[in-house]
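The values are calculated or read from the model by the stated rules, or taken from the named source; none is laboratory data. Keep in mind that what you see is a predicted model, and the values were worked out from it rather than measured. As a convention, Cβ positions derive from the backbone with ideal geometry for all residues, glycine included, and neighbour counts pool all protein chains shown.
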Amino acid sequence: QHGRDVSMRLPCCAGARVCRGLRPMLYSPSFERPDPTRLMPQAPENLPHAGLLRRLAAILYDGLLLLAVLFIAGALALSFTGGEAVKAGNPLFTTYLFFVSFFFFAWFWTHGGQTLGMRAWRLRVQQRNGDPITLWQALLRFLVAIPSWLLLGLGFLWSLLDKEKMTWHDRYSMTVMVVLPKK
């Protein structure tokens with residue numbers, strides 16, 4: 001009982017100085033409690049879908065990173081050829097690089113939904129309900145993205161016509177690319 005006003009008493013065992021220090025903060029009319037709805041992040045399923053330019057910027061970043069990963073994978077393959085260069089069009093080497101590329105993207109997509117390029121542009125791939133994508137969805141997404149590129153980028157340009165800004169590989173894998181809010 002360190003204060004005179006009974007309505008301002010705090011259960012206190014730390015002494016009068018603590019009560020007097022806390023009282024203005026807790027009972028002051030200028031002290032506003034934060035609005036809990038303002039602090040809550042937007043529901044994952046309600047985040048805005050990514051547009052084409054943001055996607056392409058992230059692809060550029062990831063392409064450079066993937067190129068470095070493929071150089072390392074190629075260097076590792078040299079240890080199996082005795083240092084000899086692999087002949088162009090070697091189906092085993094091509095398949096190896098294909099799997100390295102897939103696992104590069106699949107790992108990031110299934111563990112957090114973001115590659116490094118996507119992180120730089122605040123993008124995330126997820127299921128429509130906000131859950132992380134599965135390995136199966138990552139495989140479908142990766143495989144359908146190939147013809148999306150090979151057909152002069154038509155699968156990506158489709159997002160300009162789609163009301164939800166979804167590409168062919170978004171639709172086929174039942175995933176969405178969303179823009180995360182600024183931190």
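Selection of first residues in the stretch 47-69 that are in contact (Cβ under 8 Å) with a residue 12 or more places away in the chain and of second residues that are in a loop (DSSP other than H, G, I, E, B), restricted to Cβ pairs under 6 Å at least 6 apart or on distinct chains, gives the following pairs, ordered by first then second residue: H49/E164; H49/K165; G51/K165; R54/W121; A57/W121; A58/W121; D62/T115. Pairs meeting the criteria (first residue in the stretch 94-108 and touching a residue at least 24 places away in the same chain (Cβ under 8 Å), second residue outside any helix (DSSP H, G or I), beta carbons under 7 Å, at least 6 apart or on different chains) are F105/T115.
Evaluating R124 against the criteria (1) crowded, with 16+ Cβ neighbours inside 10 Å; (2) part of a helix (DSSP H, G or I) leaves one unmet condition, (2). Does V179 count as closer than 23 Å to H49 by Cβ and at pLDDT 95 or above? Here the answer is yes, as V179 does meet what is asked. Taking the conditions (1) of a type in the set (S, T, N, Q); (2) surrounded by fewer than 17 Cβ atoms within 10 Å (Cβ to Cβ); (3) at pLDDT 95 or above in turn, Q137 satisfies each one other than (2). Each residue in the stretch 57-102 was checked for being assigned to a helix (DSSP H, G or I) and over 30 Å from R122 (Cα atoms), and 11 pass. Only one of the numbered conditions (1) hydrophobic (A, V, I, L, M, F, W, C); (2) surrounded by fewer than 15 Cβ atoms within 10 Å (Cβ to Cβ); (3) at pLDDT below 85; (4) over 20 Å from the mean Cα position of the chain (by Cα) is not met by C19, and that is (2).
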